[in-house]
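For reference, the structure discussed in these notes is given below.
The values are calculated or read from the model by the stated rules, or taken from the named source; none is laboratory data. From a predicted model like this one, the values you see are computed outputs, not experimental measurements. Here the Cβ is made from the backbone with ideal geometry for all residues, glycine too, and neighbour counts use every protein chain on show.
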Amino acid sequence: MWRVARSAAATLRQSPRRFSTAIPGPCIVHKRGADILHDPWFNKDTGFPLTERDRLGLRGLLPPRVISFEHQYARFMESYRSLEKNTQGQHDNFVSLAKWRILNRLHDRNETLYYRVLIDNIKDFAPIIYTPTVGLVCQNYSGLFRRPRGMYFSAKDKGEMMSMIYNWPAQEVDMIVLTDGSRILGLGDLGVQGIGIPIGKLDMYVAAAGINPQRILPVMLDVGTNNQRLLEDRLYLGLRQPRLEGEEYLSIVDEFMEAVHARWPKAIVQFEDFQMKWAFETLERYRKRFCMFNDDIQGTAGVALAGLLGTVRAQGQPLTDFANQKIVVVGAGSAGLGVLKMALQAVSRMAGPEANPHFFLLDKDVKTVKPHVLLGLSGVGGVFNEEVLKAMRESDSTKPAIFAMSNPTANAECTAIEAFKHAGENIAFASGSPFADVNLENGKVGHVNQANNMYLFPGIGLGALLSGSRIITDGMLQAAAECLASYITDEEIQRGVLYPSIDSIRDITAEVGAAVLRTAVVEEVAEGHGEVGSRELSNMSKEETLQYVKDNMWYPVYSPLVHEK
């Protein structure tokens with residue numbers, strides 16, 4: 001029989017807005033005094049109780065009044081709402097960066113409070129710490145930089161990475177998100193400023209998957225930049241040299257991957273925002289050697305597949321009809337090719353190898369195809385113009401679908417308003433960045449789905465971690481996509497809902513993580529996690545697997561701190 005110690009915050013996860021009076025287990029710290037106040041992992045600001053102030057050498061270093069966690073939470077939210085009020089009427093970019101700054105300052109000071117605020121207000125704050133504001137942050141990162149977060153490995157560090165990796169203070173790391181800054185969203189080469197992407201992705205890992213923030217690591221591989229504007233920018237913080245290419249480039253990535261595996265052999269590595277040639281090259285180079293995946297290729301493909309399966313259901317057809325869908329993919333980059341590969345795998349599994357799918361990879365002309373689904377992964381804002389959208393009216397589908405998945409918002413292939421106006425009110429619409437629902441002339445509402453990787457990558461990483469999988473297989477990724485697709489009810493599908501509300505992100509991630517874990521066990525790549533071995537995992541029922549995943553999701557509450565030399 002397997003046993004899992006249930007965390008003190010387990011009941012909180014069922015209703016995250018309610019505060020718990022349960023006291024979690026103690027946390028050992030090796031610091032005292034001001035060093036603790038300057039460490040966001042352990043700092044509680046004015047929330048340290050008097051007994052803790054005495055044993056940690058904090059008495060006199062803080063104002064005498066002890067402020068409860070609930071009060072601290074309320075004070076921050078009051079400050080945030082005040083900021084919203086005071087910036088009304090200002091330019092959108094100014095407001096977005098102001099909101100990012102206030103959240104970032106809390107992140108720098110008190111991680112427990114920061115993640116509690118993020119989890120409880122995920123629908124409001126995900127667009128600030130993640131898509132679409134993260135793109136704006138990356139564009140301005142050198143000017144916004146105040147204190148380091150994560151690690152930087154550069155072309156100048158060749159031969160030193162095996163020792164450098166031990167500079168990271170955490171003894172254990174579960175999740176690493178890595179970028180080389182070469183293709184940040186649809187913004188192109190942003191060099192070292194792309195570190196904002198791993199930071200934002202890992203914030204979503206903590207909020208959605210409950211990965212302990214003390215066990216995450218954002219990483220920038222700085223191999224130079226070909227962005228001349230950055231090279232001439234006096235504030236730019238990265239290497240001022242052209243990007244490495246060929247074997248020189250690969251040798252840097254090789255050395256980093258070997259160093260990571262040497263120190264943390266069970267860590268999951270997520271590759272993010274690599275330009276297409278290196279995205280595919282590194283995925284094939286490492287996927288059979290390390291537990292890693294590429295979110296742009298595989299995560300995007302899974303989210304798209306879930307939406308595509310939903311469109312089949314919206315037409316009132318069985319999922320086996322997926323092979324008969326005419327799907328046009330606009331954009332032959334890493335995401336577009338990844339979607340096609342996963343869609344073809346799904347067709348083969350559902351309808352057999354003899355199936356003849358109707359998938360097309362085009363630049364812009366869709367008139368002759370008359371597709372059921374128009375899937376945009378081009379990174380080119382507005383490419384779905386009025387002419388293209390009106391052509392969707394000629395589709396023989398009962399509910400044609402338009403996916404404008406490119407990020408950030410300015411790079412979306414079309415807006416939600418444009419889609420419903422030109423393609424008709426009977427479409428299903430999804431976008432990578434958030435858009436508001438559209439009020440239609442008939443008094444109905446055109447539902448806007450956010451087809452974003454945040455619905456999948458946290459569950460993929462969590463399931464792989466808790467299974468102790470040696471690698472991340474195509475089967476695990478397919479299971480994640482199909483789990484997401486099945487999360488939506490038939491009633492929701494008929495209303496044009498293809499993806500769940502982000503308010504449910506923790507529940508979704510737990511379900512996806514459990515599906516990934518079960519597949520890892522079936523495919524015999526699971527080696528177990530911690531004290532739970534592969535045999536115990538294989539003996540769990542479906543319900544027990546889901547509970548195991550939920551019980552291992554970290555939740556932010558103040559732990560009593562105990563000093564140890």
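Among the numbered conditions (1) among the aliphatic types (A, V, I, L, M); (2) modelled with pLDDT under 95; (3) farther than 22 Å from ALA126 by Cα; (4) surrounded by 17 or more Cβ atoms within 10 Å (Cβ to Cβ), the only one that LEU56 does not meet is (2). Kindly check whether there is at least one residue in the range 277-296 that is under 30 Å from LYS399 (Cβ atoms), of a type in the set (Gly, Ala, Ser), in a helix (DSSP H, G or I) and within 21 Å of the chain's Cα centre (by Cα). Scanning the range 277-296 turns up no residue that is under 30 Å from LYS399 (Cβ atoms), of a type in the set (Gly, Ala, Ser), in a helix (DSSP H, G or I) and within 21 Å of the chain's Cα centre (by Cα).
Each residue in the range 31-44 was checked for being buried (at least 17 other Cβ atoms within 10 Å of the Cβ) and not in a loop (DSSP other than H, G, I, E, B), and 2 of them qualify. For GLY188, the conditions (1) surrounded by 22 or more Cβ atoms within 10 Å (Cβ to Cβ); (2) over 26 Å from ILE502 (Cβ atoms) are fulfilled apart from (1).
Scanning the range 470-490 for residues being hydroxyl-bearing (Ser, Thr, Tyr) and within 18 Å of MET553 (Cβ to Cβ) gives a total of 1. Determine, yes or no, whether MET1 is aliphatic (A, V, I, L, M), modelled with pLDDT under 95 and surrounded by fewer than 18 Cβ atoms within 10 Å (Cβ to Cβ). The answer is yes for MET1. Here ALA335 clears all of (1) surrounded by 24 or more Cβ atoms within 10 Å (Cβ to Cβ); (2) modelled with pLDDT of 90 or more; (3) not in a loop (DSSP other than H, G, I, E, B) except the condition numbered (2).
Working carefully through the options PRO26, PRO63, find the one that is modelled with pLDDT of 95 or more, over 30 Å from SER538 (Cα atoms) and loosely packed, with under 14 Cβ neighbours inside 10 Å.
PRO63
Entry remark, the range 397-432: residues being under 17 Å from LEU308 (Cα atoms) and in a loop (DSSP other than H, G, I, E, B) number 9 in total. Checked across the range 314-321, the condition of being modelled with pLDDT of 85 or more, in a helix (DSSP H, G or I), of a type outside the set (Phe, Trp, Tyr) and buried (at least 21 other Cβ atoms within 10 Å of the Cβ) holds for at least one residue. Confirm whether ALA355 is part of a helix (DSSP H, G or I) and either among the hydrophobic types (A, V, I, L, M, F, W, C) or surrounded by 24 or more Cβ atoms within 10 Å (Cβ to Cβ) (or both). The answer is no for ALA355.
Restricting attention to the range 259-285 and to residues that are surrounded by 17 or more Cβ atoms within 10 Å (Cβ to Cβ) and among the aliphatic types (A, V, I, L, M), the residue that is farthest from GLY200 (Cα to Cα) turns out to be ALA259.
Among residues belonging to the range 85-108 that are of a type in the set (Gly, Ala, Ser) and in a helix (DSSP H, G or I), point out the one that is surrounded by the most Cβ atoms within 10 Å (Cβ to Cβ). Per the criteria, the residue is SER96. Among the residues of the range 136-167, the ones that are touching a residue at least 60 places away in the same chain (Cβ under 8 Å) and part of a loop (DSSP other than H, G, I, E, B) come to 5 in all.
Sub-6 Å Cβ pairs linking a first residue in the range 235-249 that is of a type in the set (D, E, K, R) to a second residue that is assigned to a loop (DSSP other than H, G, I, E, B) and surrounded by 12 or more Cβ atoms within 10 Å (Cβ to Cβ), at least 6 apart or interchain, are ARG243/VAL223; ARG243/GLY224; ARG243/ASN226, ordered by first then second residue.
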